[in-house]
1. Identify, please: which residue in segment 10-31 is in contact with a helix residue (DSSP H, G or I) (Cβ under 8 Å, 6 or more places away or on another chain), part of a helix (DSSP H, G or I) and open to solvent by 60 Å² or more (accessible area, probe 1.4 Å) and is, among those, farthest from residue 84 (Cα to Cα)?
2. Right, residue 135: hydroxyl-bearing (Ser, Thr, Tyr), modelled with pLDDT of 90 or more and over 23 Å from residue 45 (Cβ atoms) or not?
3. In this structure, is residue 129 modelled with pLDDT of 95 or more, within 16 Å of the chain's Cα centre (by Cα) and open to solvent by 80 Å² or more (accessible area, probe 1.4 Å)?
4. Quick check: is even one residue across segment 32-49 assigned to a helix (DSSP H, G or I), open to solvent by 60 Å² or more (accessible area, probe 1.4 Å) and more than 22 Å from residue 83 (Cβ to Cβ)?
5. Checking residue 174 against (1) surrounded by fewer than 12 Cβ atoms within 10 Å (Cβ to Cβ); (2) at pLDDT 75 or above: exactly one of these is not met. Which one?
6. Kindly list, by first and then second residue, each pair from a residue in segment 28-55 that is closer than 14 Å to residue 11 by Cα to a residue that is part of a helix (DSSP H, G or I) and open to solvent by 50 Å² or more (accessible area, probe 1.4 Å), limited to pairs with Cβ atoms under 6 Å and residues at least 6 apart or on different chains.
7. May I ask you to verify whether residue 58 is open to solvent by 20 Å² or more (accessible area, probe 1.4 Å), under 23 Å from residue 12 (Cα atoms), in a helix (DSSP H, G or I) and of a type in the set (D, E, K, R)?
Amino acid sequence: MTLTKSLSIVALVTGLLLLIPLVAMQFTQEVNWTFSDFVFAGVLLFGTGTTYVLIARKWNNLAYKLAVAVGVVAGLLLVWANAAVGLVGSEDNPANLLYLGVPIVALVGAFVARFQPLGMSNAMFAASLTYVVVTAIALFVWTPAPGTAEPSAYFVNVLVANGMFAALWAVSGWLFRRASAASSHLGQRLA
């Protein structure tokens, strides 16, 4: 499939996904998106899809493509959840800004690895570890400013939710490791 066709599909899927809240707004007051919400969601969804298309094209390996999908979805969910409700406390808690370091670690690692499977695996494991460290800092080191009203969240819920996010990055790393093993076995057979 050509790059233009792939990006056209990404744009179409983005548009269809944005129709969901638009239609929901016609039937319920529970969904109340502003124009800027639609722009943010559109940029995030299209950017995520484009990132997948550009990286997944590098290798013709199912494990690699799945690893890219899991990593890109992990980044999408992290940014979306952090912007919507926050990952620690409310979305207004400044500790949530620390989570932006996770996709930065993943992206920098990917570029350093030149998108090779083994290096991508290391980058995703580093992102997972970064996620755990950021969560620990946000929960145990960073204290909200006095007088800041934070909603009461069950500590276990925060740990489980953040653990699931960290696990997504680790699964991506594991899949990249599988892709690396598959490509080295293929290389050995061709030699």
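1. 13
2. Details: hydroxyl-bearing (Ser, Thr, Tyr): yes; modelled with pLDDT of 90 or more: no; over 23 Å from residue 45 (Cβ atoms): yes.
In short, no.
3. yes
4. Scanning segment 32-49 turns up no residue that is assigned to a helix (DSSP H, G or I), open to solvent by 60 Å² or more (accessible area, probe 1.4 Å) and more than 22 Å from residue 83 (Cβ to Cβ).
5. Going through the list (1) surrounded by fewer than 12 Cβ atoms within 10 Å (Cβ to Cβ); (2) at pLDDT 75 or above, residue 174 breaks only (1).
6. 45/17
7. no
To keep it simple, each residue is scored yes or no on (1) out of contact with any helix residue (DSSP H, G or I) (no Cβ under 7 Å at 6 or more places or on another chain); (2) at pLDDT 90 or above; (3) of a type in the set (D, E, K, R); (4) open to solvent by less than 60 Å² (accessible area, probe 1.4 Å).
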position: 84; (1), (2), (3), (4): yes, no, no, yes
position: 87; (1), (2), (3), (4): no, no, no, yes
position: 124; (1), (2), (3), (4): no, yes, no, yes
position: 140; (1), (2), (3), (4): yes, no, no, no
position: 157; (1), (2), (3), (4): yes, no, no, no
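The values are calculated or read from the model by the stated rules, or taken from the named source; none is laboratory data. Worth saying up front: this structure is predicted, and the values here are computed from it rather than measured. Positions of Cβ are generated from backbone atoms using ideal geometry, with glycine treated the same way; all protein chains shown enter the neighbour counts. Just the protein is used for accessible areas: all its heavy atoms, side chains included, with ligands, DNA and RNA removed. Shrake-Rupley method; radii C 1.70, N 1.55, O 1.52, S 1.80 Å.
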